[in-house]
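Colleague: Please see the structure below; I have some questions.
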């Protein structure tokens, strides 16, 4: 009988490596969301403080995943490092569950696979068991120190090049990181439309009605988020019923509302990378279509 191309232990080692690579790449797609997750879990006070640790952790996960695809330093270095990492994550999730700080999404797999603290704890325990088994059955091969060094350099360089640190954490919109119906949102990433509405304002209600078919029928229009002010929270549901729309929204205070509008509401901002590229106080459909028409993008 012919021998299988890959043994069971190699298959599970590659599977474990794949989990770490998937975890790193899912965070790399939206590093800002991972910064926000770090702040929400109390591991950093601000996004600015979380920026470099977030990227280093992504690079570290990418390194562990890639290193598991090679048979070098497994028993003496790579697998013990994997176990220590998983144990640290497990202790963190256990602490959060014990002291009532469970999050609906731990940020382990970015937006690709939302996972609660409890689900993450179970996942980490399973991976820990697999890692201990791999330590037991794996054998050391001739070591090549150059391999992990090259992997380290490549992972750090790739993360810093693909996800450079933003410098606009103190901007007007960076602080709005959680929206109803969307969860974590990074307004400093990519193109976003941010509408500032008052739930009782008829002009705001009319603008919300106009935006709904615009967003549904034009794939080139960025995602729309609403910063909503209301003196009475019971009016919020009425606002969505009147407009027959339901955008992701974040409640803001009266002072924030007046800081963000012009002479009168509503106002819509076009953000690119967290910076204001345009703002409109009227003719919203016309202005948005003009800004994001395919013809203009090609020119």
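Just so you know, all these numbers are worked out from the coordinates, no wet-lab data involved. Being a predicted model, the structure only gives us computed values, none of them experimental. Glycine also receives a Cβ, built like all others from the backbone with ideal geometry; neighbour counts cover every protein chain displayed.
Colleague: Helix 117-137: angle to the longest alpha-carbon principal axis of the chain, degrees 0 to 90, nearest 10?
Modeller: 20
Colleague: Return the single residue from 172, 244, 232 with maximal mean-square fluctuation; model: Gaussian network over the chain, springs between Cα atoms under 10 Å.
Modeller: With Cα springs under 10 Å in the chain, the top fluctuation among 172, 244, 232 is at 232.
Colleague: Limiting things to C-alpha atoms, what are the Rg and the maximum Cα-Cα separation (Dmax) for the range 173-243, in angstroms?
Modeller: Both quantities, over Cα of the range 173-243: 12.6, 35 Å.
Colleague: What value, in deg cm²/dmol to 500, does the helix sum -39500 (n - 2.57) over DSSP H runs of n ≥ 4 give at 222 nm once divided by the residues of the chain?
Modeller: -17000 deg cm²/dmol
Colleague: When the Cα centres of the range 7-52 and the range 179-202 are compared, how far apart do they sit, in Å?
Modeller: Using only Cα atoms, the two centres lie 25 Å from each other.
Colleague: I've got another one for you. Taking the mean number of other Cβ atoms within 10 Å as a proxy for protection, how do you rank 58-68, 270-280, 76-86, 233-243 from highest to lowest?
Modeller: 58-68, 76-86, 270-280, 233-243
Colleague: How would the chain be classified by its alpha-carbon gyration tensor: rounded, prolate or oblate, with rounded meaning a/c under 1.5 and the a/b versus b/c comparison settling the rest?
Modeller: Prolate shape, in that a/c is at least 1.5 and a/b is the bigger ratio.
Colleague: Any idea what angle helix 8-29 forms with the longest principal axis of the chain, computed on alpha-carbon atoms, 0 to 90 degrees, nearest 10?
Modeller: Helix 8-29 sits at roughly 30 degrees to that axis.
Colleague: For the range 1-150, just say rounded, prolate or oblate: build the C-alpha gyration tensor, square-root its eigenvalues into a ≥ b ≥ c, call rounded for a/c under 1.5, and beyond that prolate if a/b exceeds b/c, oblate if not.
Modeller: Cα axes put the range 1-150 in the prolate bin.
Colleague: Right, here's the next one. According to a simple spin-label model (label point 7 Å from Cα along Cα-to-Cβ), what is the distance in nm between residue 14 and residue 118?
Modeller: 3.6
Colleague: Compute the long axis of helix 31-40 from its Cα atoms, compare it with the longest principal axis of the Cα atoms of the chain, and write down the angle in degrees, 0 to 90, nearest 10.
Modeller: Value to nearest ten degrees: 90.
Colleague: Now, a different point. For the pair residue 278/residue 137, report the inter-label distance in nm, with labels modelled 7 Å from Cα in the Cβ direction.
Modeller: 5.9
Colleague: I need the peptides 284-292, 181-189 ranked by packing, meaning the mean over residues of other C-beta atoms within 10 angstrom, with the highest value on top. Walk me through the intermediate numbers first.
Modeller: Details: 284-292: 16.3, 181-189: 19.2.
Most protected by this proxy first, the peptides run 181-189, 284-292.
Colleague: Have a look at the range 178-298 and give its Rg and Dmax from the Cα atoms, expressed in angstrom.
Modeller: Here Rg and the maximum Cα pair distance are 13.7, 45 Å.
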